[in-house]
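Here is the structure we will look at.
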Amino acid sequence: MVLLLTTPNYLLVLSMKIRSDFMKVLFIGGTGIISTAVSKTAVDRGVDLYVLNRGKRNDKLPEGVTILQGDIYNPNEVKNILEGHCFDSIVQWISFTVDHVKRDYELFKGFTKQYIFISSASAYYKPIPYLPITEEIPLGNKYWEYSENKKKCEEYLLSVHNPNFNVTIIRPSHTYNDEMLIAQLKSHSKPYTLINRMLQNKPVILPDDGRSLWTLTYNQDFASAFVDILGNEDTYGEYYHLTGEKVYTWERLNEMICEAVGVTPNIIKIPTDYILKYFPEFKGELYGDKKESAIFDNSKIKEVAPNWISKTDYSSIVKKAVYRLLNNSALQEVDVEFDQRYDDLIQNYKSSL
């Protein structure tokens, strides 16, 4: 049961914990790799889902979603859009700096009982002091500005957490969908570049020895647990990482892609420090995230998310991702500049030996 007090700020007062299938929820964003899956699961569970975005990719959203078209970076526009609405939860998928979350606090206080911030498991202290990773590990990633900004966002939000603006923080790790190739060093804008190398039997680089352990989370598995967080009073003022428990070496992940392409692996192992001479833009991703092993203890999220699952194996999904690239000529664009740097790196490393 919900009691709505008609105050100027439309303050929600919940007299009891509400089941998700009676809830009204707002997503800021909603069409990303993770949020698309969560949108589908939320609607399937009966959530009255609203999505606020600029309307550029709403074909990815399921039927039943109410679109509030607007630009979160235009606060006055958003205030007008929110007028008259009250939400049990607002989920912010696209805030990355403290200025963003300060804006959100001013915009959304009074319009929701719960604000859920999507942080990142990459924000944990690096190098990781112990495995498996728990929420007791402090935040602090000196290698990656993205992760440090997420840490600062969390600190600000916990400082403004109060009974009328309850903050819940979720930290995803490496979450993927049906279209993603998982590799440490690849062209993000043109993923076919990696497939093209394999088809030409050109070496694929694995940083260091390729044996560090890496956790992957399928987006639909993530969504099963995330929807349990919506309106869940036990999560107010808390922070959780939400990951799968499927763990692979980077060498095995490369093998899976090769198997899907139908080629024999041709790898070369190169120290991370040497790679960064040619790809300095990957320092954050490698030293700040993908260089060392990352295995997570999900005990805390399991206590509040009874629908948590980790059932999907990447070996079944990578076949879909590769098939999509091999059978769509529009996606078969090679990042020539990236590939040339890649070849130069390999040639010069071999010469140095």
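Numbers at a glance
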read-out: Of residues in segment 89-140 being in a helix (DSSP H, G or I) and open to solvent by 10 Å² or more (accessible area, probe 1.4 Å), the one nearest to K151 (Cα to Cα); value: V98
read-out: Tally of residues being open to solvent by less than 10 Å² (accessible area, probe 1.4 Å) and within 20 Å of F111 (Cβ to Cβ) across segment 142-165; value: 3
read-out: Residue among S95, S39 that is closer than 24 Å to E233 by Cβ, among the polar types (S, T, N, Q) and touching an Asp or Glu at 6+ places or on another chain (Cβ under 8 Å); value: S95
read-out: In segment 207-226, residue nearest to K277 (Cα to Cα) [restricted to those that are of a type in the set (A, V, I, L, M) and buried (at least 23 other Cβ atoms within 10 Å of the Cβ)]; value: L216
read-out: Those residues of segment 178-206 which are open to solvent by 30 Å² or more (accessible area, probe 1.4 Å), over 16 Å from C258 (Cα atoms) and either basic (K, R) or touching a residue at least 60 places away in the same chain (Cβ under 8 Å) (or both), in sequence order; value: D178, S189, K190
read-out: Every residue from segment 42-71 that is closer than 26 Å to H188 by Cβ and polar (S, T, N, Q); value: N53, N58
read-out: Search result, residues across segment 47-69 that are open to solvent by less than 40 Å² (accessible area, probe 1.4 Å) and at pLDDT 95 or above; value: V47, L49, Y50, V51, L52, V65, L68
read-out: Only one of V160, V78 that is more than 24 Å from H241 (Cα to Cα) and among the aliphatic types (A, V, I, L, M); value: V78
read-out: Filter result (over 26 Å from the mean Cα position of the chain (by Cα) and either at positive phi or open to solvent by less than 50 Å² (accessible area, probe 1.4 Å) (or both)) within segment 325-350; value: D339, Y342, D343, L345, I346, Y349
read-out: Flag for S310 being assigned to a helix (DSSP H, G or I), within 18 Å of R252 (Cβ to Cβ), in contact (Cβ under 8 Å) with a residue 12 or more places away in the chain and of a type in the set (G, A, S); value: no
read-out: Segment 313-346, residues that are free of Cβ contacts under 8 Å to residues at least 60 places away in the same chain and aliphatic (A, V, I, L, M); value: A330, V336
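For every residue, the table says whether it meets (1) under 23 Å from the mean Cα position of the chain (by Cα); (2) more than 25 Å from K311 (Cβ to Cβ); (3) among the acidic types (D, E).
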{"position": "T175", "(1), (2), (3)": "yes, no, no"}
{"position": "K186", "(1), (2), (3)": "yes, yes, no"}
{"position": "S189", "(1), (2), (3)": "yes, yes, no"}
{"position": "L194", "(1), (2), (3)": "yes, yes, no"}
{"position": "R211", "(1), (2), (3)": "no, yes, no"}
{"position": "A225", "(1), (2), (3)": "yes, no, no"}
{"position": "L230", "(1), (2), (3)": "yes, no, no"}
{"position": "P265", "(1), (2), (3)": "no, yes, no"}
{"position": "T272", "(1), (2), (3)": "no, yes, no"}
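The values are calculated or read from the model by the stated rules, or taken from the named source; none is laboratory data. All figures in this text were calculated on a predicted structure; none of them were measured in a lab. Cβ sites come from the backbone with ideal geometry, for glycine too, and all protein chains shown count toward neighbours. Only protein heavy atoms, including side chains, enter the accessible area calculation; ligands, DNA and RNA are left aside. Shrake-Rupley method; radii C 1.70, N 1.55, O 1.52, S 1.80 Å.
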